[in-house]
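The values are calculated or read from the model by the stated rules, or taken from the named source; none is laboratory data. All of these numbers come straight from a predicted model, not from anything done at the bench. Quick reminder, even Gly has a Cβ in these numbers, built from the backbone with ideal geometry, and neighbours come from all protein chains shown. Calculation scope for accessible area: heavy atoms of the full protein, side chains included, ligands and nucleic acids excluded. Shrake-Rupley method; radii C 1.70, N 1.55, O 1.52, S 1.80 Å.
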Amino acid sequence: MDLLPRSPAEFGSARYWDRFFRQLGQRSFEWYGAFPELCPVLHKYVRPRDKVLVVGCGNSELSEQMYDMGMCEDIMNIDISDTVIRQMQERSGSKRPKMSYLVMDMLQMDFADAQFQVVLDKGTLDALLTDEEEATLAKVDKMFAEISRVLQVGGRYLCVSLAQAHVLKKVVEYFSQEGWVVRIHQVSSSEHKKQFVLPIFIYVMTKFRKIPGSAPQILEICQEEQEKPMRVESAEQLVAAVKDRQHYALLCSQLSKMPCGEQVSLDLCDRESGRPRYTLHVVDSPSVKPSRDNHFAIFIIPQGRETEWLFGMEEGRKQLATSAGFRRLVTVALHREQRYEGMAGIQAELSAKVMELSPPGLPARQQVPFLSAGGDIGVRAVRHCDTSPLSGEYVVEDVKGDGTSYFRRLVFLHNRNVVQSEARLLPSVPPQGQKKRRKDKKKPSPAEPPAAIDKSYLCCEHHRAMVAGLCLLGGPDPLPGDEAMLVVGLGGGSLPLFIHDYFSQAHVAVVEIDPSMLEVATRWFGFSQGDRMQVHVCDGLDYVAKLAAEAPAHYDAIMFDVDSKDLMVGMSCPPPAFVEKSFLQKVKTILKPEGVFILNLVCRDTQLKESVLATLREVFPLLYARRIEGEVNEILFCQPSPEGCRDTTELGARAQALERALQQPGRPWDSSYMLADMLQAIKIL
């Protein structure tokens, strides 16, 4: 049976609705939202003694159920269709004597002013506002004006809607300009999902006397059963908040019906602040054979480890999901601005929400496990946060790594998933002769990280590769002597500190554009200057250009480890100006003929990367590349002379000799460095 109109205009035609209800017969027709779903919101705004007007009542059972449940009895129902009003009078006349039905056009009502405390509209506005044509908008304005006229001051207009963008925009703009309080509730619903993917909303507009001048707008949104509404600053923010909830519903619907080909990412925000509290990635593994208990699991990433390859990269999360053995795994990253009450608290907070992301075929009442690395949520302690005019907001934090080690990290918040600098912290050791604490004394918290920096440890693999590249300096001595080295980009200072301490005769010049970073490195990462270590606070472009203009061949080794502030470019390290041909020629000018230029390249744009490599080959006759496995970083070793070593086996042997030379008695050395392996995997471009 075709009950839909031939054109949207027919939604406003009494003739269409008469035909509609005659064809429908005695069966009730609910546009959306059954009474059990709407009741939790309606009971907040409808009182037993209220006089209620239902506009466009149709043959919905909503009024009858409100009456029968004792919510209120003085209910006036109107509709443009004579057919449906007769049907409803026959259905309710003797059973509900205090409820009335009238044939009436809501655009021109016969009621006196301020006659009702509540006007209820279930889908009527959606049916009327089918487009944004001038004639349609004029009808809606008449509808709103009539509702305003018959409502008392303090009365509520409750409108059940799917919140299509143009409908929501019209409602919010009209009533907020009239000085009404506008609050939007998302209805907690399950039954309507069989018919509609989009969630149902109830607009609650409370009438206030219009104050001359510009009164502040009061705009609020409530999430399902949320008691406390969240206030927003503008109509645009309110519309955007509803759109976010609609997009989330569409996403959940899609995920419930089929596996996702690509990983899906979403943020769950804190209700009070509106800031992200959890970042979720939905990862499907179709290759995992289905069994009764491996449909779905949640993996809580320990705090501070969200940047690791296994958790922070798409390929890493795929590997994690496959190794965990679940067909769908949702990874959950915790945000540094938030506080968490342990694994149990997180599980209680997320259980209902993550079930909305469950895969198709999940058995009813299936227990969904919460997993984590090490069985806890990790440790993160923010030590310092500030804002730099050049680098923006940044944070220094201590995190617990895999095992018992702690690490200090510098993170720029404009790119919060990238660790800018990292240093390992030394375990706390009591001074010699200090007696063991008495049992009654307070013990240090196991969650309290140590504070001293381990300057002998290079956390970043790309830094290890850059150090290994110093074996390209050649000469009979694997450990260069009185060498001059330039490092552009200080960060936390780990790389120049290591070079200074392990190349004991080298003189290191560091160039850093941001004076705030020098302060951070000194205060938080154990960096210090001295006779063999000097920091120049200036632009690396200007520093190199000035030296190139003065005298050539200043440095034996030049290292670029400098990030780009422009996130719109597909290259985050270095800034594009540092790899322009004219500037690279200046770098070559200040590099000694037997020297080496080492560049940390982080470029996701394949075409841009090929262009950078082509430019480097034009300037430097000999170019090597070392890709850092599991990361975007690629370390490029450039030499100004074509006579350098082209045998990768020999390069590995040189790196091995350098590693042996660096392992001096009394100086700590980490076995994970494996400098020889770094260069055995090198490619000559």
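Just a few scattered comments:
- Sequence of GLU134, GLU618 from largest to smallest accessible area, 1.4 Å probe: GLU134, GLU618
- Flagged links, alpha-carbon separation over 23 Å, of LYS98/LYS122; LYS44/LYS122; LYS169/LYS257; LYS142/LYS210; LYS44/LYS207; LYS95/LYS207: LYS169/LYS257; LYS95/LYS207
- Ranking of MET485, MET313, MET258 by solvent-accessible surface, largest first: MET258, MET313, MET485 (1.4 Å probe, protein heavy atoms only, all chains present).
- Net +/- balance of residues flanking SER572 in space, Cβ distance below 11 Å, scoring K and R +1, D and E -1: -1
- Working note: Debye formula, equal point scatterers on the alpha-carbon atoms of the range 453-539, no solvent; log10 I(q)/I(0) at q = 0.14, 0.19 Å⁻¹ is -0.47, -0.85.
- Point-to-point label distance, ILE218-MET313, nm (Cα→Cβ direction, 7 Å offset): 5.3
- Both numbers refer to the Cα atoms of the range 258-372; Rg and Dmax are 13.7, 42 Å.
- In straight-distance terms, cross-link reach from LYS51 covers every one of the aspartates and glutamates whose alpha-carbon lies under 14 Å from its own, apart from those fewer than eight places away in the same chain; here that gives GLU73, ASP74, ASP113.
- With the simple model of a label 7 Å out from the Cα in the direction of the Cβ, ASN417 to LEU250 spans 2.2 nm.
- Annotation for the range 485-553 versus the range 234-296: alpha-carbon center distance of 45 Å.
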